[in-house]
Amino acid sequence: MVDAESFIDEATEEISEKVGDAHAIIALSGGVDSSVAAALAYRAIGDQLTPVYVDTGLMRKGETEGIRETFDYMDSLRVVEAQERFLDALAGVTDPEEKRKVIGEQFIREFEREARDTDADYLVQGTIYPDRIESEGNIKSHHNVGGLPDVVDFEGIVEPVRDLYKDEVREVARALDLEEVVSERMPFPGPGLAVRVVGEVTAEKVEVAREACHVVEEELEEYDPWQAFAAVVGKGTGVKGDNRVHGWIVAVRSVESRDGMTARAQELSWETLQRIQSRITGQNDNVARVVYDVTHKPPATIEYE
């Protein structure tokens, strides 16, 4: 386990030395990894840092409002409305690896635009060790590692938590006195809901996934999962009232893990599962059925794509 206090001292010194007198932007998503990276960078270079949150349209319900509230102490926070650009870039893309690369490149282009506007030479991001392992091991390309384009218009990319596992990042977050809503927050994939939509990403499928994920997170809070969410996996026949519908199939997933490298599907009560399916199908006329994923990691990954 990491010595959090020593790590904070070493990381802030490293950031300060790398960035020097230049300016940097931090890719802020609201998750614990980028939040810790932001807090470390803010300690190291202060006003030389501009936090940038890109609203891709693929985020959790209420994410943008939450970002504004949590990071209001950073006066230079920028919120970029990029929903249309991301959905346009993803149109027609169905391969999971291609999705991640499209999203990775779109993120970089958004950050490059903000960097030019703020005269920033460096990009700080919250890449952690499992991101590197899975990308370099060809398990999946994380948007901030294997999904990065070959040409990036930054003098350097700074990754202060690149050698930490998720549980170690949480230890550092607690040592930094970050709010519990950040330090204990459930992981959320960098590409967002795009990897919780199997096949082509559309506005309709994303909205179904967003609302279903919100239901799952609320209903499973008492189980304290490492990660819990819903994914839109296809279409199936159903009945709503007296009418036949050909609606979305939503898969619910809830796992226990220490660091995300392996995971076990949680055993949920029948009553809980029925409550989840009732809420998801009741709130969305286009959802025909809800299923529960009992697969561990391995052989599955935690996310669907």
Counting pairs of alpha carbon atoms under 8 Å apart in space and at least six apart in sequence, what relative contact order in percent does the chain give?
17 percent
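Express the carbon and sulfur contribution to the solvent-accessible surface of the range 188-292 as a percent, rounded to the nearest whole number, probe 1.4 angstrom. Don't skip to the end; give the middle numbers.
Numbers: 2130 of 4820 Å².
Carbon-and-sulfur percentage of accessible area, whole number: 44.
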Could you derive backbone 3J(HN,Hα) for the range 289-305 from the dihedral phi with the Karplus parameters 6.51, -1.76 and 1.60 (θ = phi - 60°), listing whole Hz in sequence and x where the residue is Gly or Pro?
7, 10, 10, 10, 8, 9, 7, 7, 10, x, x, 7, 8, 6, 7, 7, 9
Provide the packing ranking of 82-89, 33-40, i.e. peptides ordered by the mean count of other C-beta atoms within 10 Å per residue, highest first.
33-40, 82-89
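Just list whichever of LYS18/LYS101; LYS61/LYS205; LYS235/LYS297; LYS101/LYS205; LYS99/LYS240 have alpha carbons separated by over 22 Å in the model shown.
LYS18/LYS101; LYS235/LYS297; LYS99/LYS240
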List the residues whose amide H sits under 5 Å from the amide H of SER29, counting only those 5 or more places along or on another chain, with H placed 1.01 Å from N in the peptide plane.
SER34, SER35
Kirkwood Rh, Cα Rg: Rg to Rh for the range 169-299?
1.01
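Quick one: if the Förster radius is 41 Å, what FRET efficiency do GLU207 and THR118 give, using the C-beta to C-beta distance and rounding to 0.05? Please report the intermediate quantities before stating the final value.
Numbers: r = 32 Å, r/R0 = 0.79.
Plugging the Cβ-Cβ distance into 1/(1 + (r/R0)^6) gives 0.80.
Leaving out ligands and nucleic acids, note down the accessible area per residue over the range 70-136 with a 1.4 angstrom probe, in whole Å². Before the final figure, lay out the partial values.
Numbers: 3110 Å² over 67 residues.
The answer is 46 Å² per residue.
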In degrees rounded to 10, the 0-90 angle between helix 4-19 Cα long axis and the longest Cα principal axis of the chain is 70 degrees
If we count every other residue with Cβ under 11 angstrom of GLU180's Cβ, Lys/Arg +1 and Asp/Glu -1, where does the sum land?
0
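How much area per residue is accessible in the range 158-305 when the probe is 1.4 Å and only protein heavy atoms are counted (Å²)?
On the way: 6780 Å² over 148 residues.
Each residue of the range 158-305 exposes 46 Å² on average to a 1.4 Å probe.
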Please give me, ordered by residue number, the GluC sites (Glu not before Pro) of the range 226-293 that lie in loop per DSSP and have at most 16 other Cβ atoms within 10 Å.
GLU267
Residues whose placed amide H lies under 5 Å from that of VAL245, excluding near-sequence neighbours:
GLY238, VAL239, LYS240
Consider all pairwise Cα distances in the chain and report the whole-number % of them above 33 Å.
23 percent
Rounded to a whole number of µm²/s, how large is the Stokes-Einstein D of the range 53-124 at 37 °C and 0.692 mPa s, given Rh as the Kirkwood radius over C-alpha pairs?
243 µm²/s
Loop-only check: which trypsin sites (Lys or Arg not before Pro) in the range 192-260 are DSSP coil with at most 15 other Cβ within 10 angstrom?
ARG258
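The values are calculated or read from the model by the stated rules, or taken from the named source; none is laboratory data. The shown structure was predicted, so the numbers you read here are calculated from the model rather than taken from an experiment. Don't worry about glycine lacking a Cβ; one is built from the backbone with ideal geometry, like all the others, and counts go over all protein chains shown. Ligands, DNA and RNA are stripped out before the accessible areas are found, and what is left, the full protein with its side chains, is counted by its heavy atoms. Shrake-Rupley method; radii C 1.70, N 1.55, O 1.52, S 1.80 Å.
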